Amino acid sequence: MSTQVRPMKIGVLSMDPGLYSTQRLVEAGLQRGHTVKVINYLRCYMDITARRPMVMYQGKPLDDLDAVIPRIGASRTFYGTAVVRQFEMMQVFTAIESQAISRSRDKLRSLQILARAGVELPVTGFAHHIKDSSGLIEIVGGAPLVIKLLEGTQGLGVVLAETKSAAQSVIEAFRGLDANILVQQFVKEAKGEDIRAIVVGRRVVAAMHRKAPPGEFRSNLHRGGTANPIKLKPEERRIAVKAARTLGLNIAGVDLLRSSQGPLVLEVNSSPGLEGIEKASNEDVARAIIKFVESHAKPARKRRSTRY
């Protein structure tokens, strides 16, 4: 370890210390000479006061941390971001800010923010009433098209509709369940393949090419997809970093499609898994995250006299 690295106390906010991503962050932190503690954010409770806000864990205040690395599960976004926000009130450096996590978890909001910033996306439509389904389908260029639940993750709640009638049936079924959906252009030339790029700070630190299994169009590794290393084109690196920065994410997994119009951003993930990307790319993503924290966190002792 370089003698210039200041030992820190880092908290990894994770519900499961046995997860690969959590373990790798702990290992990388220890290898860099830091003290690293896994904190189940669902077991944290908060003292919300103006003068000395505090996060409590196992009956003790977490007032000596230099930084926290949030690994907030999608189903626990509300409470998880509340805990991250409390650390921000304490002026603890958070590797991913609470507001950025909230933005990324709202698929519709995140796409609107990206589009406003000029980030290229597949043509996407959104409507409330099933009577508007025909117009919605026309917006994205007709069938085949992709229908996505706003609350879906890891490829769940994503349907490929091959025909207009099939699309209308799926839209009616989802809306009958009062589910919010997006309708999105199906990029045929992608052929069930996409790219996952990991952005840390202002650079891409790892990338992999994912391919869907036979008979499937979703390339998620959780859905049986395969992954291989890939060298990104300069434009792909640029758009991945821009997408992460636009949402305010210091750490992000950016999913890209190669289309005839150039790279398109599919989604931006605020808690990307490290196992698939590290094994496919042979890059030490966890170390890159720890080094990012080292360059931005301030010592806890310098914050104690400062009021938020």
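Within the stretch 97-114, can you find the residues that are of a type in the set (S, T, N, Q), crowded, with 20+ Cβ neighbours inside 10 Å and more than 15 Å from PHE78 (Cβ to Cβ)?
Matches in the stretch 97-114: SER110 only.
Which residues, counting only those in the stretch 93-143, are of a type in the set (D, E, K, R), outside any helix (DSSP H, G or I) and within 18 Å of VAL199 (Cβ to Cβ)?
Correct list: GLU97, GLU120.
Please work out if LEU156 is modelled with pLDDT under 85 and not assigned by TED's automatic domain parsing to the domain that holds LEU108.
yes
Scan the stretch 40-59 for residues that are part of a strand (DSSP E or B) and either modelled with pLDDT under 95 or within 15 Å of ARG85 (Cα to Cα) (or both) and jot them down.
Within the stretch 40-59, CYS44, TYR45, MET46, ASP47, MET54, VAL55, MET56 meet the criteria.
Based on this model, can you work out whether GLU216 counts as in a loop (DSSP other than H, G, I, E, B), over 24 Å from HIS296 (Cβ atoms), at pLDDT below 95 and of a type outside the set (Lys, Arg)?
Spelling it out, GLU216 is indeed in a loop (DSSP other than H, G, I, E, B), over 24 Å from HIS296 (Cβ atoms), at pLDDT below 95 and of a type outside the set (Lys, Arg).
The values are calculated or read from the model by the stated rules, or taken from the named source; none is laboratory data. Remember, it's a predicted structure, so these values are computed and weren't measured experimentally. Glycine also receives a Cβ, built like all others from the backbone with ideal geometry; neighbour counts cover every protein chain displayed.
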